[in-house]
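Student: This is the structure I have questions about; it appears just below.
The values are calculated or read from the model by the stated rules, or taken from the named source; none is laboratory data. Computed from a prediction, not measured in an experiment: that's the story for all the values here. All Cβ positions, glycine included, derive from the backbone under ideal geometry; neighbour counts span all protein chains shown.
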Amino acid sequence: MPYTMEDFQRDYIKEHLNVLTPDEVLQRFSADKLLKGLSAEECLRGISVEERLKDLPMEEIEAYLKEQENRKQSERLFNLAKKYIPGGVNSPVRAFGAVGGNPIFIKGGSGSRVIDMDDREYIDYVCSWGPLILGHAHPEVISAVTEAAKRGTTFGAPTEREIELARLITEAFPSIDLVRMVNSGTEAVMSAIRLARAYTQRNRIIKFEGCYHGHSDSLLVKAGSGAATLGLPDSPGIPPSLTQYTYNLPYNNLAAAKEVIEIHHADIAAVIVEPVAGNMGVIPPMAGFLEGLRELTEKHGILLIFDEIITGFRVTYGGVQTLFDINPDLTCLGKIIGGGFPVGAYGGRGEIMEMIAPSGPVYQAGTLSGNPVAMAAGIATLKILSDKEIYQRLEKTTGLLTRGLSENIKQLSIPAVINQIGSMFSLFFTDGEVRDYASAKTADTKRYARYFRQMLKQGIYLPPSQFETVFVSTAHSETDIERTVQAGFTSLKE
């Protein structure tokens with residue numbers, strides 16, 4: 001029997017509405033062009049949905065059905081995942097909650113491309129949230145990993161590769177005399193904060209609004225009112241007592257930092273900062289901000305911690321600190337140093353790092369720290385990146401992309417700005433300068449969500465949040481860039 005309009009109505013309502021929770025309907029309603037003009041309540045009842053579907057041209061229905069068929073496996077897997085994994089994902093942003101629709105499930109990747117479970121190919125600008133600066137499945141990295149895995153995946157004992165990766169890191173960062181490997185950026189920051197408190201024998205820390213330093217309890221805080229307001233927990237499950245020692249100040253606001261430090265310096269152990277913010281979108285430091293923090297912390301015996309988990313080996317071989325010629329006391333690293341494997345590290349001045357056990361009294365340990373397969377991936381990656389011309393080529397490629405997107409914005413008179421440094425950038429849908437968390441929050445997140453969905457349809461995979469970073473890899477070609485710019489123009493018109 002032929003598939004009729006009544007069949008389509010019945011199946012659409014059954015598959016997309018009746019089996020969903022109200023919250024899921026709201027999410028689908030915001031993302032689904034077939035339901036525009038209806039309220040979430042009407043969608044839940046299904047009555048007005050039938051009326052809406054009756055008015056649709058058959059070619060629009062056919063196009064929709066084809067699009068849904070292309071998403072069938074990813075949607076099936078997402079529904080299955082929600083039975084076994086909270087929210088169906090192992091990191092919240094992957095759920096597409098900020099952009100609507102269901103996440104794509106990835107089958108594989110090569111170079112600049114990823115392929116989802118429905119065999120749709122995308123030019124990937126997420127790059128696993130930064131680590132894949134060489135693109136997916138780089139042959140030299142895969143070869144190193146394969147050879148390492150053949151010898152054993154983990155030993156719980158020292159290996160030579162740990163020494164080699166540590167040597168590469170300390171040679172790249174003048175501020176790092178010694179480095180300790182851990183398993184994630186969160187672990188690196190948590191350990192660095194503990195070390196800073198032990199070294200200074202002080203309790204309080206300063207962080208900056210919009211800078212994300214992992215999900216350890218004392219760093220998940222909201223902004224208060226006024227420069228010296230202490231943090232409040234930003235997640236259930238964190239007692240206020242754990243965040244009362246954290247000052248949360250405006251990023252790029254040296255005056256606010258100076259005010260708090262001048263008053264409370266006797267009990268401030270450390271100032272931790274992303275030298276280029278990457279977790280509220282890309283926001284570079286204003287002139288004098290980092291230099292001023294270094295001067296203030298040195299004056300008052302406070303440790304300066306650079307969180308270069310995103311920017312380390314991304315903007316240049318020695319991180320942001322080499323670009324600005326500023327030596328922090330401690331540096332946190334991750335992402336790229338693992339070559340696509342779970343790795344973190346923290347390092348700094350010798351006399352500080354010597355306080356870590358077993359050399360000193362500050363305890364920190366990890367079963368898989370210095371994992372030989374991850375070390376092999378990191379070594380292979382850093383050896384390739386030691387060719388400094390790579391960063392020049394990366395910046396050239398990224399500049400080609402951002403100039404093309406900027407021209408799109410100009411031609412279409414779209415209120416948007418692009419912040420870029422090296423091979424990372426963000427497009428904010430706002431008409432003002434974005435230089436801190438408050439100005440980043442003026443961006444039109446609904447417009448970004450529409451832009452994201454349109455780009456995804458055209459095979460361009462962007463970060464599924466306005467407040468994340470676009471990453472360019474050495475695998476991205478001029479053809480990739482041209483196609484992305486063209487897709488961007490079409491998407492901005494929608």
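Student: Of all residues in segment 172-210, count the ones that are surrounded by fewer than 21 Cβ atoms within 10 Å (Cβ to Cβ) and under 21 Å from the mean Cα position of the chain (by Cα).
Tutor: Looking only at that region, the number is 2.
Student: Which of the residues belonging to segment 79-101 are touching a Ser or Thr at 6+ places or on another chain (Cβ under 6 Å) and either among the acidic types (D, E) or part of a loop (DSSP other than H, G, I, E, B) (or both)?
Tutor: Result: A98, G100.
Student: Which residues, counting only those in segment 80-109, are under 22 Å from G281 (Cα atoms) and charged (D, E, K, R)?
Tutor: Within segment 80-109, R94 is the sole residue that qualifies.
Student: Answer yes or no: is there a residue in segment 254-268 that is buried (at least 20 other Cβ atoms within 10 Å of the Cβ), in contact (Cβ under 8 Å) with a residue 60 or more places away in the chain and either outside the structural domain of A188 (by TED's automatic domain parsing) or not hydroxyl-bearing (S, T, Y) (or both).
Tutor: Checking segment 254-268: at least one residue is buried (at least 20 other Cβ atoms within 10 Å of the Cβ), in contact (Cβ under 8 Å) with a residue 60 or more places away in the chain and either outside the structural domain of A188 (by TED's automatic domain parsing) or not hydroxyl-bearing (S, T, Y) (or both).
Student: Are any residues in segment 127-158 out of contact with any Ser or Thr (no Cβ under 9 Å at 6 or more places or on another chain) and closer than 15 Å to L462 by Cβ, and if so, which ones?
Tutor: S128, the sole residue that qualifies.
Student: Given the condition closer than 18 Å to L290 by Cα and at pLDDT below 95, answer yes or no: does some residue in segment 234-247 qualify?
Tutor: The answer is yes; a qualifying residue exists.
Student: Select from segment 316-343 the residues that are crowded, with 24+ Cβ neighbours inside 10 Å and aliphatic (A, V, I, L, M) and write down the one among them that is nearest to A188 (Cα to Cα).
Tutor: Taking the candidates together, the pick is L333.
Student: Continuing with the same structure: What single numbered condition from (1) crowded, with 24+ Cβ neighbours inside 10 Å; (2) under 23 Å from the mean Cα position of the chain (by Cα) fails to hold for Y391?
Tutor: (1)
Student: Looking at (1) assigned to a helix (DSSP H, G or I); (2) under 26 Å from F289 (Cβ atoms); (3) β-branched (V, I, T), can you tell me which one T170 breaks?
Tutor: All conditions pass for T170, except number (2).
Student: Look at V145 and say whether it is touching a residue at least 24 places away in the same chain (Cβ under 8 Å), part of a helix (DSSP H, G or I) and under 22 Å from I310 (Cβ atoms).
Tutor: No; evaluated as a whole, the condition is false for this residue.
Student: Just checking, does segment 344-351 include any residue being under 17 Å from the mean Cα position of the chain (by Cα) and surrounded by 24 or more Cβ atoms within 10 Å (Cβ to Cβ)?
Tutor: There is at least one residue in segment 344-351 that is under 17 Å from the mean Cα position of the chain (by Cα) and surrounded by 24 or more Cβ atoms within 10 Å (Cβ to Cβ).
Student: In addition: Got a sec? Which of T170, T153 is out of contact with any Asp or Glu (no Cβ under 7 Å at 6 or more places or on another chain) and not assigned by TED's automatic domain parsing to the domain that holds G459?
Tutor: Values: T170 fails: out of contact with any Asp or Glu (no Cβ under 7 Å at 6 or more places or on another chain).
Of T170, T153, the one residue that is out of contact with any Asp or Glu (no Cβ under 7 Å at 6 or more places or on another chain) and not assigned by TED's automatic domain parsing to the domain that holds G459 is T153.
Student: Looking at this structure, is I305 in the same structural domain as A266 (by TED's automatic domain parsing), in a strand (DSSP E or B) and surrounded by 23 or more Cβ atoms within 10 Å (Cβ to Cβ)?
Tutor: Here the answer is yes, as I305 does meet what is asked.
Student: Further question: Which one of T442, T398, T402 is surrounded by fewer than 16 Cβ atoms within 10 Å (Cβ to Cβ), in contact with a strand residue (DSSP E or B) (Cβ under 9 Å, 6 or more places away or on another chain) and in the same structural domain as V114 (by TED's automatic domain parsing)?
Tutor: Going through T442, T398, T402 in turn, just one is surrounded by fewer than 16 Cβ atoms within 10 Å (Cβ to Cβ), in contact with a strand residue (DSSP E or B) (Cβ under 9 Å, 6 or more places away or on another chain) and in the same structural domain as V114 (by TED's automatic domain parsing): T442.
Student: List pairs: first residue in segment 347-372 and within 21 Å of I272 (Cβ to Cβ), second residue at pLDDT below 95 and assigned to a helix (DSSP H, G or I) anywhere in the structure, Cβ distance under 8 angstrom, at least six positions apart or on different chains.
Tutor: Filtered contacts from segment 347-372: no entries.
Student: Within segment 151-162, is even one residue outside any helix (DSSP H, G or I), touching a residue at least 40 places away in the same chain (Cβ under 8 Å) and closer than 13 Å to G340 by Cα? Walk me through it before giving the result.
Tutor: From segment 151-162, those outside any helix (DSSP H, G or I) are 151-159; that's our starting set.
This time we only want the ones that are touching a residue at least 40 places away in the same chain (Cβ under 8 Å), so: 151-156, 158-159.
Subset that is closer than 13 Å to G340 by Cα: none.
Within segment 151-162, none of the residues are outside any helix (DSSP H, G or I), touching a residue at least 40 places away in the same chain (Cβ under 8 Å) and closer than 13 Å to G340 by Cα.
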